[in-house]
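Q: Below is a structure I'd like to ask you about.
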Ligand code: XIL
């Protein structure tokens, strides 16, 4: 071995020895490696991050913090909530969720008193960007005895995918179907037939109302004295029975249920139903409260297979609920003891078999009131209830009335409302026959500026959709 070789070996040995002497680098206190714990959180929902804590953290007092509380907040107990998402497009001075992109990444830090730190990357997302046609059929989330409905003029692919009951928004209303006394516009035949062919149950909406009525009906009310003379009463009764009989007979066998009488009572009506009916209702003016019984009876005799409903809004208000209860009870008692039934009818069958709760709500309507009303209606033995026109403004009634723009927080409140309402409906699954939404996408809604539905104008699911679906039981 020459001297050169010995030198090289010596250098290598010294180098390795030197390495050994280097101090070990300090271990990082952040566990596990920074932000490796990713949590995807749908806006409006929350997640208890304690369940994801590393073993080293357990049993210690932890301080939680968020780098951006306006997007993802965290409680002192470690529950993270995705609250705000970012928007790219401003519309009408306010930023709207519907314009997306609906995603934000925020770091949440958990720190123990001895400075062990764990970081979470929380991705707040609407996931809302899922399209209506890619989502699983909503109707399949309900037992078959609860129908899921919407409005529509023909059986579109979207409707067929998610719903199994269909109401025409306007084409079967009195002014559309009976423009002149004794002459009818049956153009809704094609709607009814195509809906049935696609497997829908069709809801007839509506026969007796004070709004969207033809001028001949308004005139019947306007020309009656107060109170009406016996002649006026007899003539009006005759006109009403003919009108109902003609329409219900025309659609006989095709209509699953009829909204026979719509919105008869004002808000805060008192409890005597026979005198509290709206003065604008022409049939009440010309016939008196008997028109209610006679109207339902004419519908029953014309199509005994159809289920007959009374339908109204603001039924969450106890005054409305009470007067509807009293009216339905009185009309049914009269029917049970009368000889007015179609031949062969089960003597126990009621005349008004269903109450429609329209459920046109806003962010200020309490689920507790809806629960109270359903509890009351459940006491009417044999009565079914349907949610007939569900939509929830993403703002309070006063914001809506004063034309205020919808905010992101309003959309989150709306989502919570949908969840609370569905939570109530599921508790009354024994009496609820159908839940019908009054529209699919926000832009098609009759109250579109308050973005009241589950899907945005592009057919993308909103937080409202996820919260509503989240409240549907997985087993019934
Ligand atoms: C609404 C329709 O959605 C609108 O297109 C129309 O202009 C007015 O009527 N209660 C009812 C429904 O029973 O018929 C109403 O529908 C909403 C309130």
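Q: Per 20 Å bin from zero, what fraction in whole % of the C-alpha pairs of the chain is there, up to the bin with the longest pair?
A: Going out from 0 Å in 20 Å bins, the chain shows 21, 43, 20, 9, 4, 2, 0 percent.
Q: Over the Cα atoms of region 280-332, how large are the radius of gyration and the largest Cα-Cα distance (Dmax), in Å?
A: Rg and Dmax of region 280-332, Cα atoms, are 12.3, 33 Å.
Q: Under the 0.36 nm per residue contour assumption, what length would be gained going from the current alpha-carbon distance of residue 141 and residue 398 to full extension?
A: Answer, rounded to one decimal: 89.1 nm.
Q: Moving on. Within 10 Å of each residue's Cβ, count the other Cβ atoms and sort 428, 468, 265 from fewest upward.
A: 428, 265, 468
Q: While we're on this one: Mind checking the angle between helix 290-302 and the chain's longest principal axis? C-alpha axes, 0 to 90 degrees, to the nearest 10.
A: Long axis of 290-302 versus the principal axis of the chain: about 80 degrees.
Q: Something else about it: What does DSSP give for region 132-470 in terms of the percent of beta bridges that are antiparallel, rounded to the nearest 5? Display every interim value, and only then the final one.
A: On the way: 2 of 35 bridges.
Antiparallel bridges: around 5 percent, rounded to the nearest 5.
Q: Among 256, 421, which comes first, then next, by fewest other beta-carbon atoms within 10 Å?
A: Ascending number of Cβ neighbours within 10 Å: 256, 421.
Q: How long is region 363-476 along each principal axis, judged by its Cα atoms, biggest number first, in Å?
A: Sorted from largest, the Cα extents of region 363-476 read 43, 29, 21 Å.
Q: Could you list the residues of region 267-289 with an amide nitrogen less than 13 Å from a label point located 7 Å from the Cα of residue 223 in the Cα-to-C-beta direction?
A: 286
Q: A follow-up question, please. Using 0.36 nm per residue, how much length does the chain from residue 278 to residue 379 gain when fully extended, once their Cα-Cα distance is taken away?
A: 33.8 nm
Q: Between residue 68 and residue 211, take the C-beta separation as r, use R0 = 60 Å, and let me know the FRET efficiency to the nearest 0.05.
A: FRET efficiency, residue 68 to residue 211: 0.80.
Q: Sort 267, 312 by Cβ crowding within 10 Å, fewest neighbours at the top.
A: Lowest to highest Cβ neighbour count: 267, 312.
Q: Okay, moving on. Please work out how much length the chain gains when fully extended from residue 271 to residue 476, using 0.36 nm per residue of separation minus the C-alpha to C-alpha distance, in nm with one decimal.
A: Here the segment from residue 271 to residue 476 would lengthen by 70.2 nm.
Q: What do you get for the angle between helix 3-21 and the principal long axis of the chain? Use alpha-carbon atoms, 0 to 90 degrees, nearest ten.
A: Once rounded, one gets 50 degrees.
Q: Hey, for a label at residue 246 modelled as a point 7 Å past Cα toward Cβ, could you say which residues of region 155-186 have their backbone N under 14 Å away?
A: The answer is 174-186.
Q: Can you give the angle from 0 to 90° between the axis of helix 367-378 and the longest principal axis of the chain, with both taken from C-alpha atoms, to the nearest 10?
A: 40
Q: Rounded to the nearest 0.05, what FRET efficiency is calculated for residue 426 and residue 48 with R0 set to 25 Å and r the Cβ-Cβ distance?
A: That pair, residue 426 with residue 48, gives E of 0.60.
Q: For region 110-223, what does the convex hull of the Cα positions come to per residue, in cubic angstrom? The partial results should precede the final answer.
A: Working: hull volume 23.0 nm³, N = 114.
That works out to 201 Å³ per residue.
Q: Could you compute the FRET efficiency for residue 38 and residue 305, with r as their C-beta to C-beta distance and R0 at 45 Å, rounded to 0.05?
A: Calculated transfer efficiency: 0.20.
Q: Normalised by the number of residues in the chain, what is the relative contact order in percent for Cα pairs under 8 Å and 6+ residues apart? If you can, show how the numbers build up before the last one.
A: On the way: 923 pairs, mean separation 63.4, N = 476.
Over the chain, the number comes to 13 percent.
Q: Let me ask something else about it. Just to be sure I understand: of the beta bridges DSSP finds with both ends in region 340-476, what percent are antiparallel, rounded to 5?
A: Rounded to the nearest five, the antiparallel share is 10 percent.
Q: Can you list the residues of region 371-415 with backbone N under 16 Å from a point 7 Å past the Cα of residue 326, pointing along Cα to Cβ?
A: Answer for this model: 377.
Q: Dividing the alpha-carbon Rg of region 170-323 by 2.2 N^0.38 Å yields what?
A: Rounded to two decimals, the normalised Rg is 1.04.
Read-outs throughout are calculated quantities, based only on the coordinates presented, and are distinct from any laboratory measurement. For clarity, every value in this text was computed on a predicted model and none was experimentally measured. Counting neighbours? That spans all protein chains shown, and the Cβs are built from the backbone with ideal geometry, glycine included.
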